[in-house]
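Below is one structure, written out as structure tokens; the observations come after it.
The values are calculated or read from the model by the stated rules, or taken from the named source; none is laboratory data. The model shown is predicted, which means the values in this text are computed figures rather than measured ones. Virtual Cβ from ideal backbone geometry, glycine too; neighbours counted across all protein chains shown.
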Amino acid sequence: MEKIRTIISHYGENPQNYLGAITPPIFENSNFAFNSYEELEEFYLKKINRYIYTRESNPTIEILEEKIAKLENGESAKAFAAGVNAITSSILAFIKSGDHILAVKSLYNPTYEFLANWLNKFNIETTFFDVKDVENLDNFIKDNTKIIVLESPTSFLFEVLDLQKISNIAKKYGIITIIDNTWATPYFQNPIDFGIDIVVHSSSKYISGHSDIIGGLVISKEKFIRKIEKERELRGGNIGPFEAWLILRGLRTLPLRMETHQKNAIDVAKYLESQNKVVKVHYPALPSHPQHNLAKSQMRGFSGVFSFEIEGGEKEVRKFLNNLRLFKIAVSWGGYESLIFPGKFAFSKERKDNIRFPDNLLRISIGLEDLEDLIWDLETAFRNTYK
Ligand SMILES: *Cc1c(COP(=O)(O)O)cnc(C)c1O
């Protein structure tokens with residue numbers, strides 16, 4: 001069983017384990033009973049493997065974990081209560097006081113906050129590098145560098161990182177690489193194939209796809225997952241069985257949704273590029289993107305989130321957003337519905353000095369609606385903003 005749509009439909013599932021139920025049941029229980037003292041003893045002597053407590057493992061959650069590990073070409077996976085928990089647990093598993101981290105500048109804001117303003121209380125320092133610095137990343141590596149934190153494409157600016165190049169450099173120095181693959185999903189990109197060690201996802205976005213849950217996933221080699229799992233267990237980062245079940249349910253249609261998001265988004269992006277009130281579109285799917293060829297060489301396709309800059313500043317952004325009817329003003333992305341969010345509110349102020357997030361920048365998440373209606377909404381908003 002190797003092809004992606006078949007894996008999504010069947011991998012990790014065995015209806016005979018659940019009285020023949022076609023869709024796996026939700027094991028909404030916290031604990032599991034032992035048949036005897038002897039069984040309990042065998043469990044603690046590690047002679048048998050079984051469920052004991054849902055903070056550690058649960059049959060519904062395990063189906064999701066097995067499926068996502070297979071989809072990302074990893075050995076093993078763990079599901080978390082949130083994407084940020086998946087990311088912070090993966091980082092904490094491999095660092096101690098006095099260590100150094102490298103991370104790409106235009107990271108997702110909460111990841112940036114964790115690295116820049118939280119880990120420093122344990123004397124752990126992070127150096128942020130620009131996408132153009134990848135060419136000479138060796139120069140940023142110190143004796144105490146333990147991890148490189150990546151995201152490709154990055155949040156809001158959608159810059160693309162050369163995954164093979166970075167993993168080659170990291171391997172030379174024995175440094176662990178972690179990538180946030182939320183944007184591309186395993187349908188379009190598998191970073192492990194390029195030598196990246198650990199893949200993390202917010203499953204609150206495309207993987208679940210219906211804007212109805214918060215969750216995270218980590219995929220890696222068994223030896224790394226054993227350490228990351230400890231972080232989850234000790235700090236209670238596990239996902240609930242019902243959320244895991246909703247993610248499984250959403251995941252069933254991932255390929256169908258991603259194809260439509262991609263198609264709609266490319267058409268909307270081309271429309272925006274043709275508008276004289278649009279200054280710039282940041283979307284790796286477009287040939288105008290400076291890293292379009294690199295993106296095509298490591299991704300099989302493009303999801304439906306990108307950003308663009310409109311003519312003017314805050315006044316025009318305000319008018320434009322208030323004139324949209326279909327596009328909802330909201331954070332997050334990757335659901336069935338089209339969303340828009342201004343760059344101004346997405347980043348901590350302190351970041352603005354070292355990276356350019358212009359006031360006229362808008363992030364847009366293209367949903368599954370009819371293309372004609374989406375274009376009509378944007379067209380009307382442009383007309384009313386610049387009349
Ligand atoms: C949303 C998001 C996260 C965080 O995920 P949560 O599920 O909200 O904790 C991490 N990375 C990226 C790129 C995201 O968009």
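Structure above, values below:
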| item | result |
| --- | --- |
| Residue tally, condition more than 13 Å from the ligand (Cβ to nearest atom), out of contact with any Leu (no Cβ under 9 Å at 6 or more places or on another chain) and assigned to a helix (DSSP H, G or I), over segment 207-244 | 13 |
| Identity of the residue in segment 343-360, within 16 Å of the ligand (Cβ to nearest atom), in contact with a helix residue (DSSP H, G or I) (Cβ under 8 Å, 6 or more places away or on another chain) and not hydroxyl-bearing (Ser, Thr, Tyr), that ends up modelled with the lowest pLDDT | ARG351 |
| Residue check, LYS227 more than 28 Å from SER211 (Cβ to Cβ) and touching a residue at least 40 places away in the same chain (Cβ under 8 Å) | yes |
| Residues within segment 102-116 that are surrounded by 21 or more Cβ atoms within 10 Å (Cβ to Cβ) and more than 17 Å from ALA86 (Cα to Cα), tallied | 3 |
| Check on GLU369, outside any helix (DSSP H, G or I) and away from the ligand (no atom under 16 Å from the Cβ) | yes |
| Any hit, segment 117-130, residues being part of a strand (DSSP E or B) and either within 19 Å of the chain's Cα centre (by Cα) or of a type in the set (Phe, Trp, Tyr) (or both) | yes |
| Given (1) in a strand (DSSP E or B); (2) without any contact (Cβ under 8 Å) to a residue 12 or more places away in the chain, index of the condition ILE147 fails | (2) |
| Subset of segment 346-366 (residues that are part of a loop (DSSP other than H, G, I, E, B) and of a type in the set (Asp, Glu)) | ASP359 |
| Filter result (of a type outside the set (Val, Ile, Thr), free of Cβ contacts under 8 Å to residues at least 60 places away in the same chain and assigned to a loop (DSSP other than H, G, I, E, B)) within segment 156-201 | LEU161, GLY174, GLY195, ASP197 |
| Residue that is modelled with the lowest pLDDT, among those in segment 303-322 that are more than 24 Å from the chain's Cα centre (by Cα) and of a type in the set (D, E, K, R) | GLU314 |
